[in-house]
1. Below 29 Å, Cα to Cα, which lysines can Lys27 reach? Residues fewer than 8 away in the same chain don't count.
2. Considering only DSSP beta bridges with both partners in the chain, what is the antiparallel share in %, to the nearest 5?
3. Give the distance, in whole Å, between the Cα centre of the range 315-337 and the Cα centre of the range 228-286.
4. If each DSSP helix of 4+ residues adds -39,500 (n - 2.57) and the sum is divided by the residues in the chain, what number results at 222 nm, nearest 500 deg cm²/dmol?
5. Any idea how far apart Arg282 and Lys122 come out in nm if each label point goes 7 Å out from Cα toward Cβ?
6. ³J(HN,Hα) across the range 294-307 via Karplus (A = 6.51, B = -1.76, C = 1.60, θ = phi - 60°), whole Hz, x for Gly/Pro?
7. Output wanted: per-residue J couplings in Hz (rounded whole) for the range 241-247, from phi through Karplus 6.51 cos²θ - 1.76 cosθ + 1.60, θ = phi - 60°, x for Gly and Pro.
8. Multiply the residue gap between Asp378 and Ser262 by 0.36 nm, knock off their C-alpha separation, and tell me the result in nm, one decimal place.
Amino acid sequence: MKKTAATILLTVLCLTSASGQPRVYTKENTGSKYALKTFAEPAQLPEVRTLPNALQGVKRFGDWRRRRNEIGSLIQHYGIGTKPAVKRRQVKASMEGDTMLVVHVTVGSETLTLKSHIRYPKVGQPPYALMIGTDMIALPRQLFDGRPIATMNFHSAQVNDYKQWGKHHERGEHNFDRLYPELKDNGAYSEWAWGMSRLIDGLQLLGPKATKIDSRRIGVTGCSYAGKMALYCGAFDERIALTIAQEPGGGGAAAWRVSHESEQNVEDLDKTDYHWFLESQRDNFSGDSVYRLPYDQHELCAMVCPRALLLLGNPDYVWLADSSMNISAQAARAVWERFGIADRMACDILGGHGHCQLPEAQFPLVQSFIDRFLLGKDEE
């Protein structure tokens with residue numbers, strides 16, 4: 001098994017109660033009023049060789065709400081495209097039978113329907129915590145069996161059916177595009193994050209009596225391209241209490257600037273899949289122009305703060321750019337540290353196993369995050 005000393009430092013957990021910062025919110029975006037309205041032309045952006053300061057202008061925790069939304073605005077505008085806001089009256093939800101959540105989202109004359117089966121635990125009493133898989137949960141089933149945690153999958157193809165292999169629609173042809181034709185240039189990650197939020201809308205609208213779910217204890221997880229998806233979903237929805245991004249690779253937690261400087265063949269900004277991002281990101285920030293990007297992926301990670309984030313890597317797969325993720329994770333963790341809640345964020349990079357095959361050596365760390373932030377065991 002391979003583990004770096006820098007990574008080990010990030011996985012030291014403090015089991016004492018943190019400094020009173022909220023673990024989760026009841027709104028998708030508590031600081032939406034702070035979203036940026038104007039943006040510089042890419043050619044006019046300054047060249048910044050080091051990772052941008054995620055805490056710029058932040059003097060106290062109350063400032064973070066504004067800063068988080070500035071970062072989210074930049075990521076949407078220059079990187080992934082717009083995640084549109086949805087009014088509650090546009091969302092209808094129901095349970096089909098005892099286990100199928102059905103959510104209808106109507107924009108104008110168009111309606112998009114999401115369906116997801118909820119698998120309830122055999123122990124405990126409702127309302128249950130919930131772990132949502134982005135397309136699937138790659139984490140081993142035994143991490144959830146025997147615990148009062150329900151599971152379900154967000155089926156991303158119901159929103160945007162792009163997959164790296166097989167038949168799929170192109171930009172402007174996805175279900176999301178029927179609702180928002182003006183956003184046809186979006187990358188998939190903004191649209192998938194939008195879809196995850198609509199599932200959570202449905203859970204909130206129906207309430208725990210109908211769903212048997214405690215919407216204050218929702219986690220999201222995925223691996224590889226779906227690890228990126230989980231990270232974007234967790235970053236852009238403050239109702240998600242725990243985000244576990246497993247082997248997310250470039251475009252996930254790995255810093256674009258650091259990957260650009262790597263001598264290895266890694267997934268950097270030039271070589272990632274551009275169905276996932278705005279085509280303009282490559283046009284504006286390829287090559288050394290990456291230093292003009294007004295944010296980097298450590299700030300995407302930091303958007304999860306003050307909620308819980310666990311990043312999992314596998315250095316045996318060089319393409320994943322885990323050296324870059326490790327540097328990015330350390331920069332992101334400084335945000336949690338500033339607010340005295342560093343125990344809510346960790347990054348663990350461990351080799352000697354297959355892609356998306358969590359090794360037993362990582363079970364205790366993953367289990368501790370699940371137990372703390374979905375089951376609240378450290379609060380008992």
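The values are calculated or read from the model by the stated rules, or taken from the named source; none is laboratory data. Just so it is clear, the structure is predicted and the values come from calculations on it, not from any experiment. Reconstructed Cβ throughout: ideal geometry from the backbone, glycine too, with neighbour counts over all protein chains shown. The area values use the complete protein model at the heavy-atom level, side chains included, leaving out ligands, DNA and RNA. Shrake-Rupley method; radii C 1.70, N 1.55, O 1.52, S 1.80 Å.
1. Candidates past the 8-residue exclusion: Lys37, Lys59, Lys83, Lys87, Lys92, Lys115, Lys184, Lys209, Lys212, Lys228, Lys377.
2. Working: 16 of 43 bridges.
About 35 percent, rounded to the nearest 5.
3. Cα centroid to Cα centroid, the span is 11 Å.
4. On the way: 10 runs with 107 residues, N = 380.
Mean residue ellipticity at 222 nm (helix-derived): -8500 deg cm²/dmol.
5. Reported label-point gap for Arg282 and Lys122 is 4.8 nm.
6. Ordered by residue, 3J(HN,Hα) equals x, 8, 8, 5, 4, 7, 4, 4, 5, 4, 5, 4, x, 7 Hz.
7. With coefficients 6.51, -1.76 and 1.60, one gets 7, 9, 10, 10, 9, 9, 6 Hz.
8. On the way: separation 116, 0.36 × 116 = 41.76 nm, distance 3.98 nm.
Full-extension gain reported as 37.8 nm.
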